[in-house]
1. Which of the residues spanning the stretch 79-104 are in contact (Cβ under 8 Å) with a residue 40 or more places away in the chain and over 27 Å from LEU152 (Cβ atoms)?
2. If ARG506 meets every condition in (1) under 22 Å from MET460 (Cα atoms); (2) of a type in the set (D, E, K, R); (3) modelled with pLDDT under 80 apart from one, which number is that one?
3. Show me the helices (runs of 4 or more DSSP H) entirely contained within the stretch 64-177 in which 3 or more residues are within 26 Å of the chain's Cα centre (by Cα) and either acidic (Asp, Glu) or closer than 26 Å to LEU317 by Cα (or both).
4. Any idea which residue in the stretch 383-404 is farthest from LEU431 (Cα to Cα), counting only those that are in contact with a Leu (Cβ under 9 Å, 6 or more places away or on another chain) and polar (S, T, N, Q)?
5. Give the number of residues within the stretch 176-199 that are over 18 Å from ALA306 (Cβ atoms) and either at pLDDT below 70 or in contact with a Gly (Cβ under 7 Å, 6 or more places away or on another chain) (or both).
6. Quick check on SER425: is it assigned by TED's automatic domain parsing to the domain that holds ILE561, hydroxyl-bearing (Ser, Thr, Tyr) and under 30 Å from the mean Cα position of the chain (by Cα)?
7. Residues of the stretch 569-591 being surrounded by fewer than 16 Cβ atoms within 10 Å (Cβ to Cβ) and either in contact (Cβ under 8 Å) with a residue 60 or more places away in the chain or part of a strand (DSSP E or B) (or both), which ones?
Amino acid sequence: MYRLKIIFNLKERKKISLIILGIFFMASFELIGVASIAPFMALVSNPDVIETNVYLSAVYHYFGFDSTKVFLTMFGISMLGILIISNGFNAYMNWVIIHFSRMQGHRLAVRLLKQYLSQPYLFFLNSNTANLGKNLLTEIDRCIAGIFLPGLIALSRLAVVVFILVFLLFLDPFIAVSTIVVLAVAYGLIFVSVRKKLHRMGVASTNVESARFKTANEAMSGIKDLKLRGKEQEFVDRFAIPSEARAKYTSISQVMTMLPRYLLDTIAFGGIVTFVIYLVASGYSSGEVIPIISLYAVAGYRLMPALQQIYASSTQLKYNLPALDILVKDIASFDGEAQFLNKQASSLTFTKELILKNIHFNYPNLDESVLKGLNINIKPNTTIGFVGSTGSGKTTLVDIILGLLSSSQGKIFVDDVEITNKNISSWQANLGYVPQTIYLIDDTIVRNIAFAIPDKDIEMHKVVEAAKLAELDEFIQTLPEQFHTSVGERGVRLSGGQRQRIGIARALYHNPEVLILDEATSALDGITENVIMDAINNLSHKKTILMIAHRLATVKECDVIYVMENGRFVDSGSYQELLNRNEKFRKMANV
């Protein structure tokens, strides 16, 4: 019940209740179809039964029939009608079950993606994105195709089995009980013998699925290095191991699902033959045997597939339950309904100063602080540089200014307003960010600059203006489709400088007050870096610019440069001031 409450909301649980009600109606139609076969066959084999059977006689006289042939014909047509209605409703209920299950898969995938994306940035630093993708694309599908859908199908078949067995109990308790015992023992023994193995394989399948996603993702992401080193086969071999294991587990589980069918078909056919021998030996005439055998044959025809589906669904449930555990754990681990920060126009103005006061930060599971009591005042329209060795805390500081990380201690003020979780989105609306590696989607230049904005809301004049500021417009004019040129996956059709300029244009599209660059030119050659730095310097004193620099040549024009070491500011000043008095700075500058 706990799992149901996690996976299904109240509205969805009400839909399940309606589906269950429909299942009982479906079982009732099935029962009517089975129950009507005996009197029909009795009538076919001996028309005189109309006078000896109380129920047939009552129907015959109530409707005023005067011919047994006409009565038999109408009886047959009525049975055909019941069959059509029963099968039609059965088909409708199967569609309802399948549609509900698949739509639930869609809703769960959207819900889980929303939960993931609503988590703080630190969540992604501590998570493997291949596993998150696996949960969204594979584990949810396993839950739907291997748990919810089989569960509802098993419930519908169970209702049919119960209705038919109760009817058979009413007709002949001995035969019905014998049937129940034989079938229950046969299916029960088979299921008990395989359920533990199914569960173990289900857990193992989840693990190898994670390995498949992880290896495939790593191979595609590192394709340039693989090609360079000629190590493609290594990743093929790594992928083949979990892929083969998954194929083995899936095939074994499917064989176990089909296993009882052949045995039980033999038992069912043998049971009918034995039953015929029993009836003949008991002195029943052929006219009496045919209706009874027809009834049990039709009942068996309905029962056997239903029982097989119940068993198959049970094995699928057992095999796929580990996927449900993952899904329930992920959804339950997030508190409340996922909410995104509203990135509307900023209500926080930046006209006086940005103050970072006594900022400390610790990453989880690390004892030593990454930032240790940082204090800084930044005036609007100034250009500030942060330099220091790798691991000194530069990127962490920028992530805190961006609002992606929350400081362990200390406060941030913008124009005397403290930045909190309530107004962080208003502060972020002021910011443009250019990372060292620009992520480009496999789409056009315009959609990469106006990143994640619906086509109908893209303002083309802003795209053009941002491209000009990023010194990108001349290059775009040389392209056949200009702004509508596709850049390829991760911008593979562009040079590093062109990708970086698209990143700068993306950051400038919203006309931010503060532009933050995290080693945005460190991967570029000197000429390309100079071009991009010219574009950035053209914005100097028009916007507040904060930049982390790998090469000190890029911070020469900064108003103030802060030198960081072990999470602290150890010096600050202009480029020339630091060059004159700070030996470490001179070494970094290679002077």
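The values are calculated or read from the model by the stated rules, or taken from the named source; none is laboratory data. Every value quoted in this text rests on a predicted model; they were computed, and no experiment measured them. Neighbour counts run over all protein chains shown; Cβ positions are idealised from the backbone, glycine included.
1. Within the stretch 79-104, just MET79 meets the criteria.
2. With (1) under 22 Å from MET460 (Cα atoms); (2) of a type in the set (D, E, K, R); (3) modelled with pLDDT under 80 applied to ARG506, the lone miss is (3).
3. In the stretch 64-177, 68-117, 129-134, 140-143, 149-171 are the helices (runs of 4 or more DSSP H) which contain 3 or more residues that are within 26 Å of the chain's Cα centre (by Cα) and either acidic (Asp, Glu) or closer than 26 Å to LEU317 by Cα (or both).
4. Looking at residues that are in contact with a Leu (Cβ under 9 Å, 6 or more places away or on another chain) and polar (S, T, N, Q), I get THR396.
5. Qualifying residue count for the region: 1.
6. When the stated conditions are applied, SER425 passes them.
7. Answer for the stretch 569-591, where residues must be surrounded by fewer than 16 Cβ atoms within 10 Å (Cβ to Cβ) and either in contact (Cβ under 8 Å) with a residue 60 or more places away in the chain or part of a strand (DSSP E or B) (or both): just VAL570.
Conditions tested, residue by residue: (1) under 29 Å from the mean Cα position of the chain (by Cα); (2) not hydroxyl-bearing (Ser, Thr, Tyr).
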| position | (1), (2) |
| --- | --- |
| ILE378 | no, yes |
| ASN381 | no, yes |
| PHE386 | no, yes |
| SER389 | no, no |
| VAL398 | no, yes |
| ILE419 | no, yes |
| LYS456 | yes, yes |
| GLU465 | no, yes |
| LEU472 | no, yes |
